[in-house]
Amino acid sequence: MSSIPHPFHIPLSRRKLLQSLLLTTGGIITSGVYAEALTLTPRATEGPYYPDHLPLDQDNDLTMALGGKAPARGVVTEFGGRLLNADGKPIENGVIELWQSDNNGCYIHSRGTQQGKERDPNFQGYGKVETNAKGEYRFRTILPGLYTGRTLHYHIRVKQNEKSMLTTQLFIAGVPQNDRDGILRSMGTEEQRLSVIREFKPMSSDSKELAATWDIVIGHTPEEPEQRGRGPGGPGGPPPRRRDSAEVSEQDLRDLILGPSPF
Ligand SMILES: [Fe+2]
């Protein structure tokens, strides 16, 4: 056998380097070349509008509701990526839930209808998907409606073996309200905040539909259940923030998102 090192030695030594880094950092590397892939997705409040009655149709295409007579109103979006653990390994059979407001800012929740608005009956409002062997997931949905006090956001929960591992929110780069959103500003470090603000781009040059990729990186510890009913609008909590009619056309929204990004 030749004494020239076999190329296999190269990945092996990189692997050892990574293992020693993982040992010295407790599994979380916060700087260096691996930082982007291993930034833990920050937590966020589940908010007051996790559906209090789940729709019959719970698949990962929210643009078509079972029994709906037409597609949901709004700008169609798709987002997806991989579910990873803190070591960067894909997580299979993780369940990712999405809930969000419709084009009018209304949620599937008995208190989730915006003043003077009606919920779009053709919008599913909630969906879930299980990750495959590569940890991949994908949703087809619409841009959430904009309403007073918040920027555009998707609510996400990750479950593993029925345990909630992460509750978070996903944001859209270029939306001016991102700068002023109290929830976004309170989420983790700057690096973590940037990891939940994704660029949504047209799927093709002549497409009106927008797409983004988003990898979700979770730690190993299940999260404590959030005490529902104590947030805004819940019993014992402050009254819900008034949600003004936010008349934003689809074109306005597209301009907001595709215009110059502050990030
Ligand atoms: Fe919300």
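Just so you know, all these numbers are worked out from the coordinates, no wet-lab data involved. Predicted model, so just to flag it, every value in this text is computed and none were measured. Neighbour counts run over all protein chains shown; Cβ positions are idealised from the backbone, glycine included.
Starting from the amide H of residue 77, placed 1.01 Å from N in the peptide plane, find each other amide H under 5 Å away whose residue is 5 or more places distant or on another chain.
Here the answer is 141, 142, 143, 210, since their amide H atoms fall under 5 Å of that of residue 77.
Rank by packing, highest mean first: peptides 197-209, 165-177, with packing defined as the count of other Cβ atoms within 10 Å averaged across residues.
Averaged packing, sorted descending, gives the order 165-177, 197-209.
Please work out how much length the chain gains when fully extended from residue 73 to residue 110, using 0.36 nm per residue of separation minus the C-alpha to C-alpha distance, in nm with one decimal.
11.3 nm
Pulled fully out, how much extra length does the chain show between residue 199 and residue 163, if you take 0.36 nm times their separation in residues and subtract their Cα-Cα distance?
Full-extension gain reported as 10.0 nm.
Classify the range 38-258 as rounded, prolate or oblate, taking a ≥ b ≥ c as the square roots of the eigenvalues of its Cα gyration tensor: rounded when a/c is under 1.5, otherwise prolate if a/b is larger than b/c and oblate if not.
Verdict is rounded for the range 38-258.
Given 0.36 nm per residue, what is the gain on full extension from residue 57 to residue 208 after removing their alpha carbon distance, in nm?
51.8 nm
Given the pairs 89/128; 89/163; 69/159; 134/163, which span a C-alpha to C-alpha distance of over 29 angstrom in this model?
Checking Cα-Cα distances, 69/159 exceed 29 Å.
Suppose every K and R has +1 on its Cβ and every D and E has -1 on its Cβ; what is the size of the dipole of the range 38-258 about the Cα centre, in Debye to the nearest 20?
420 debye
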